[in-house]
1. Rolling a 1.4 angstrom probe over the protein heavy atoms, how many square angstrom per residue are accessible across the stretch 46-129?
2. Could you work out the relative contact order of the stretch 77-189, using alpha carbon pairs under 8 angstrom and six or more residues apart, expressed as a whole percent?
3. Give me the percent relative contact order of the chain, please, defined on Cα pairs under 8 angstrom at least 6 residues apart.
4. Got a sec? What order do 264, 250 fall in by accessible area at 1.4 Å, biggest, i.e. largest, first?
5. Where in the stretch 217-235 does the label zone of residue 176 land, with the point 7 angstrom along Cα→C-beta and an amide N cut-off under 18 Å?
6. Grab the beta carbon distance between residue 45 and residue 119, set R0 = 25 Å, and tell me the FRET efficiency rounded to 0.05.
7. Need the C-alpha centroid separation for the stretch 102-124 versus the stretch 222-289, integer Å.
8. Pop out the carbon and sulfur fraction of the accessible area of the stretch 136-289 as a percent, whole number, probe 1.4 Å.
Amino acid sequence: MTDEPTTRLRLDLAYDGTAFSGWAVQPGLRTVQGVLEDALATVFSRDPGPPRLTVAGRTDAGVHATGQVAHLDLTPRQLARLARPHGSRPAPDPAEALARRLNGIAGLRSDVVVRAASLAPAGFDARFSPVWRRYGYRIADAAAERNPLHRGYTVWYPAALDVDAMNAAARELLGLADWAAYCRPREGSTTIRELQEFEWVREGDGVIVAHLKADAFCHSMVRALVGAGVSVGEGKLPGDRLLGIREEATRTSEFKVMPAAGLTLLEVGYPADELLAARAEQTRARRDV
């Protein structure tokens, strides 16, 4: 990008993570960011400096999303290219034009879709402005219907699970804490998070869905919490042991981290527009610490 003023756009994304090696660009691997940025390079092939994406949360290989959020900054020249009228048609909205172009390049059967694009409010930062993220994890245990059409985003588990026991254990974990025992450490990153919701629900077809919401999740935290809950539901761990593991603040082999396939990023929550910049500044300061 150049030093000239830019306009920020928000992208709302959905993707099937099965064939992706996660969100972030990796040499020689197919990633969500890589596919989208390649499409952006095609759209803006006549302009120097193709735009780059900043995302609300980098998902791991095999993780899905229906409510991912990203932003990109466009130069005046790039914005004008999107708003250029075609023939007698009126000038299109640049954000909507970008969404159409990206989805057109991806194709009708793509595993990544731009659900919406819009002009971002002042102070918006897809990564640092959120106040919460929400994930879901689907498990078909021995008591559930196993629908092969859902196998791409539902983990089949061979034992019957006690949802009441899992919920009792989950409730004890809510709140602000150090989640080092449930995270893969990343140098320079904090493991302090506020877990705001953690609930298990058995749906009509018997599939168990974990609902988790936090201000942010550290690496592998959701799948580790789900794995610990499954161990409680199967009777391999007492419910109060999950809190004890957290308080010990060290990784343990007492439970297994669950596979990525059952995990979906459902939604990212942002504050009111006038609070976006302050929230981003607050989050950056906390991450720096």
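1. I get 51 Å² per residue for the stretch 46-129.
2. 13
3. Across the chain, relative contact order equals 23 percent.
4. So the residues, ranked largest to smallest area, are 250, 264.
5. 217-218
6. E between residue 45 and residue 119, to the nearest 0.05, is 0.60.
7. Between the Cα centre of the stretch 102-124 and that of the stretch 222-289, the gap is 27 Å.
8. 50
The values are calculated or read from the model by the stated rules, or taken from the named source; none is laboratory data. A quick note: this is a predicted structure, and the numbers were derived from the prediction, not measured. Neighbour counts are summed over all protein chains in view; Cβ atoms, including those assigned to glycine, are modelled from backbone coordinates with ideal geometry. The area values use the complete protein model at the heavy-atom level, side chains included, leaving out ligands, DNA and RNA. Shrake-Rupley method; radii C 1.70, N 1.55, O 1.52, S 1.80 Å.
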